[in-house]
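A short write-up of the structure that comes next.
The values are calculated or read from the model by the stated rules, or taken from the named source; none is laboratory data. Remember, predicted model here, so these are calculated numbers, not experimental data. Here the Cβ positions follow ideal geometry from the backbone for every residue, glycine too, while neighbour counts run over all protein chains shown.
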Amino acid sequence: MKNYRNETIAVRFGDTVNQKSLYSQDVVTPIHLSSTNYWKQIDQPGPYEYIRSQNPTRHALEQQLAALEHANHAFAFASGQAAETAVLLSILKNGDHIIGYDDLYGGTKRLINSVFNNFGISANYVDVTKEDILEKSIRPNTKIIWLESPTNPLMKLADISAISKIVHKHGILVVVDNTFLTPYLQNPLDLGADIVVHSGTKYFGGHSDVLNGAVMINDKVLSDQIRHVQNSTGGVLSPFDSYLVLRGLKTLPIRMEAHERNARKLAEYLQKHCKVQKVFYPGLTDHPQYELAKKQARGFGGMISFEIRGGLDAAKKFLGSLELFILAESLGGVESLIEHPALMTHASLTKEEQILAGISESLIRVSVGIEHIDDLIEDMNQAFDCI
Ligand SMILES: *Cc1c(COP(=O)(O)O)cnc(C)c1O
């Protein structure tokens, strides 16, 4: 296919690929439910044999995901966690070591610390923005560095190309969880990363109605390892869910534009509000890594965190008074969600860990939806007035 732009790839690629192998002349990729496919002769298997190994609907999605992330290979999984598990199983063996960004998604830390730890895998979580700390944390058995940029909930960035250059000298693979910015706004493989993972449950689906995850890779050998683990462990995405993600991806570009447009305005509004202490959004010029954000991504995304003045009491009153924002975990849907990390998404951290991570009881996280910005601001205004 020609070198089309993101918007065109999002709308057309998943379907165009699939049409070639179909008789039906469907405009939209159908949901192929058949769990097995017939052979014309004993020595003539078709392109698909068994649903766990591959399925036409999932295949169309994987082609779409690879094109969007500028990758040679993509794999669709039943969840972001299943995708992460496949990456870890493909690369690590007993005795290996991982370096993680200290502000990683809690589920990733839990997977490494409480599941892979049982199989002899160890991990250190460090501030990867400090080159000396990063260098010191590298061990002879370090195989992976796991990054997010921006992180959750404090919107810290990692310089993907600078870190890749440092760790590649030691033969370490760079994994980037690109859930927050999506391939529409950031392509870590182009910046030097080796593997990209996504929780597609967030912006790929985009409508808060489908659990899914993905892995994208350029290297042929690595991708063969992932394919082997995907088929062996079986955490694949179902045909129906593949269809839902394909459907969601068509509007990824326009949704991301709308999320970001609203997020910028909301961040600026919050920054000026007298009841707000601090706003965390990479698109604000006073974000400490604003220049890096502009350099390595095409946008700043739709996630904002802020500290409210008045501590837990104020946070509770504010969250309880909102009418439009929905009090819920997760992110990336068209509807605006709001939550309290210390009591909700990050409640599994101990008090000390929360303090160390900078998650105070005043902190509030917003997944900015695509409603009209004036309605969102008016809702926050009336909720601030209730404190
Ligand atoms: C939600 C999330 C995950 C986990 O994905 P699931 O689809 O819920 O399994 C991983 N990383 C990030 C950054 C997330 O937000």
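If we scan the range 115-133, do we find a residue that is acidic (Asp, Glu), in a helix (DSSP H, G or I), within 15 Å of the ligand (Cβ to nearest atom) and assigned by TED's automatic domain parsing to the domain that holds residue 242? Within the range 115-133, not a single residue is acidic (Asp, Glu), in a helix (DSSP H, G or I), within 15 Å of the ligand (Cβ to nearest atom) and assigned by TED's automatic domain parsing to the domain that holds residue 242.
Please work out which residue is farthest from the ligand (Cβ to nearest atom), limiting yourself to the range 168-187 and to residues that are without any contact (Cβ under 8 Å) to a residue 60 or more places away in the chain and more than 11 Å from the chain's Cα centre (by Cα). Give the derivation first.
Here is the first cut: in the range 168-187, the ones without any contact (Cβ under 8 Å) to a residue 60 or more places away in the chain are 168-171, 174, 176.
Going one step further and asking which of them are more than 11 Å from the chain's Cα centre (by Cα), we end up with 168-171, 174.
On the way: 168: 23, 169: 27, 170: 25, 171: 25, 174: 16 Å.
Selected residue: 169.
Across the range 54-69, not a single residue is classified as over 30 Å from residue 298 (Cβ atoms) and among the small types (Gly, Ala, Ser).
All of (1) more than 13 Å from the ligand (Cβ to nearest atom); (2) touching a helix residue (DSSP H, G or I) at 6+ places or on another chain (Cβ under 9 Å) hold for residue 237 with one exception: (1). Taken over the range 188-206, the criterion of being of a type outside the set (A, V, I, L, M), over 11 Å from the mean Cα position of the chain (by Cα) and within 14 Å of the ligand (Cβ to nearest atom) is satisfied by 188, 205, 206. The set of residues in the range 317-369 being in contact with a Phe, Trp or Tyr (Cβ under 6 Å, 6 or more places away or on another chain) and within 14 Å of the ligand (Cβ to nearest atom) consists of 332 alone.
Exactly one residue out of 60, 86, 82 is more than 15 Å from the ligand (Cβ to nearest atom), crowded, with 18+ Cβ neighbours inside 10 Å and assigned by TED's automatic domain parsing to the domain that holds residue 232: that is 60.
Going by the structure shown, is residue 267 part of a helix (DSSP H, G or I), on the phi < 0 side of the Ramachandran plot and not charged (D, E, K, R)?
Working: part of a helix (DSSP H, G or I): yes; on the phi < 0 side of the Ramachandran plot: yes; not charged (D, E, K, R): yes.
So residue 267 fits the description; yes.
Beta carbons closer than 7 Å, at least 6 apart along the sequence or on distinct chains, pair a first residue in the range 67-92 that is closer than 13 Å to residue 230 by Cα and of a type in the set (D, E, K, R) with a second that is more than 8 Å from the ligand (Cβ to nearest atom) and at pLDDT 95 or above for 84/111. Among the residues of the range 112-152, which ones are closer than 21 Å to residue 82 by Cβ and of a type in the set (S, T, N, Q)? Correct list: 113, 114, 117, 118, 152. The lone criterion from (1) buried (at least 24 other Cβ atoms within 10 Å of the Cβ); (2) away from the ligand (no atom under 12 Å from the Cβ); (3) under 17 Å from residue 89 (Cα atoms) left unmet by residue 219 is number (1). Touching a Phe, Trp or Tyr at 6+ places or on another chain (Cβ under 6 Å) and either within 16 Å of the ligand (Cβ to nearest atom) or not in a helix (DSSP H, G or I) (or both), is that true of residue 100? Yes; evaluated as a whole, the condition is true for this residue.
Would you confirm, using the coordinates I've provided, whether residue 267 is touching a strand residue (DSSP E or B) at 6+ places or on another chain (Cβ under 8 Å), modelled with pLDDT of 95 or more and more than 16 Å from the ligand (Cβ to nearest atom)? Spelling it out, residue 267 is indeed touching a strand residue (DSSP E or B) at 6+ places or on another chain (Cβ under 8 Å), modelled with pLDDT of 95 or more and more than 16 Å from the ligand (Cβ to nearest atom). Of all residues in the range 72-126, those being acidic (Asp, Glu), at pLDDT 95 or above and over 14 Å from the mean Cα position of the chain (by Cα) number 1.
Taking the criterion of being of a type in the set (Phe, Trp, Tyr), surrounded by 13 or more Cβ atoms within 10 Å (Cβ to Cβ) and modelled with pLDDT of 90 or more, the only residue of the range 6-49 that qualifies is 48.
Does residue 131 satisfy the criteria of being farther than 24 Å from residue 333 by Cα, among the acidic types (Asp, Glu) and modelled with pLDDT of 95 or more? Quick ask: steps written out before the conclusion?
Values: farther than 24 Å from residue 333 by Cα: yes; among the acidic types (Asp, Glu): yes; modelled with pLDDT of 95 or more: no.
For residue 131, the condition - farther than 24 Å from residue 333 by Cα, among the acidic types (Asp, Glu) and modelled with pLDDT of 95 or more - is not met.
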